[in-house]
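What follows is a single structure, written as structure tokens, with notes after it.
The values are calculated or read from the model by the stated rules, or taken from the named source; none is laboratory data. These numbers come from a predicted model, not from an experiment. Neighbour counts are summed over all protein chains in view; Cβ atoms, including those assigned to glycine, are modelled from backbone coordinates with ideal geometry. In case anyone asks, the SASA skips ligands and DNA or RNA and just uses the protein heavy atoms, side chains included. Shrake-Rupley method; radii C 1.70, N 1.55, O 1.52, S 1.80 Å.
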Amino acid sequence: QAYIEMRKIGGTPLTLRIGRQELLFGTGWLLSNMLTPSQYLSHDAVRLTYAKDNLTIDAFMSKMNNSMELFDDSINLYGVYGTYTGWKPLTMSAYYLFVRDTTEVETGESTGWGYWLNEKMGRHFGNTNLHTIGTNLFGKYEGFDYNLELAYQFGEAQHLGAMFNTGGIFYGDNDAKYDNWGMEAVL
């Protein structure tokens, strides 16, 4: 990690952190500082945190590849994550995450003719846009630890759709979508 941090900006409860940093929220189900049990993960990110009393709200933007330009054509992660800790048996969080992948999809044409034909047939793939809305409820009470996280993901899955075999000489699915719920429950 290597970042610059400014605290209590203008006398407010705002903190700004710019640089390589961990993005760990809640129990780490979707955003964690671990890539594997033995590898840590850091992000090149800009993060603004509002923290006062029992409420913390983080807004951030992060690179998901090796490019240091925050708004270039690549993979970017944006998010807002809010947590309320005012009721001791339960910590409550709500969040919105957005992954935008604008990298070029390799379509495998071996000639200019094949590229032109696939473009005319609508077989070139655009951006992948993955939205996630979720909530996380976790805590400890009377000797029990508990966690419930529920998330809904939706959006355009162009990069994954490019891998689908639709039969024939053409390939891919330009209309591939994300549209699923996910849940983790632990007691």
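So, in region 18-32, of the ones that are more than 24 Å from residue 187 (Cβ to Cβ) and in a loop (DSSP other than H, G, I, E, B), which residue ends up most open to solvent (accessible area, probe 1.4 Å)?
That would be 22.
Within region 40-50, can one find any residue that is of a type in the set (Lys, Arg) and on the phi > 0 side of the Ramachandran plot?
Looking only at region 40-50, we keep the residues that are of a type in the set (Lys, Arg), and these are 47.
Restricting the remaining residues to those that are on the phi > 0 side of the Ramachandran plot gives none.
Within region 40-50 (the criterion being of a type in the set (Lys, Arg) and on the phi > 0 side of the Ramachandran plot), the answer is no, since none of the residues qualifies.
Here's a check for you: in region 35-50, which residue that is over 14 Å from the mean Cα position of the chain (by Cα) and either outside any strand (DSSP E or B) or among the polar types (S, T, N, Q) (or both) is surrounded by the most Cβ atoms within 10 Å (Cβ to Cβ)?
In this case the residue turns out to be 49.
So the check is Cβ under 6 Å with 6+ separation or different chains; which pairs have a first residue in region 73-87 that's under 13 Å from residue 45 (Cβ atoms) and a second one that's open to solvent by 20 Å² or more (accessible area, probe 1.4 Å) and among the aromatic types (Phe, Trp, Tyr)?
78/98
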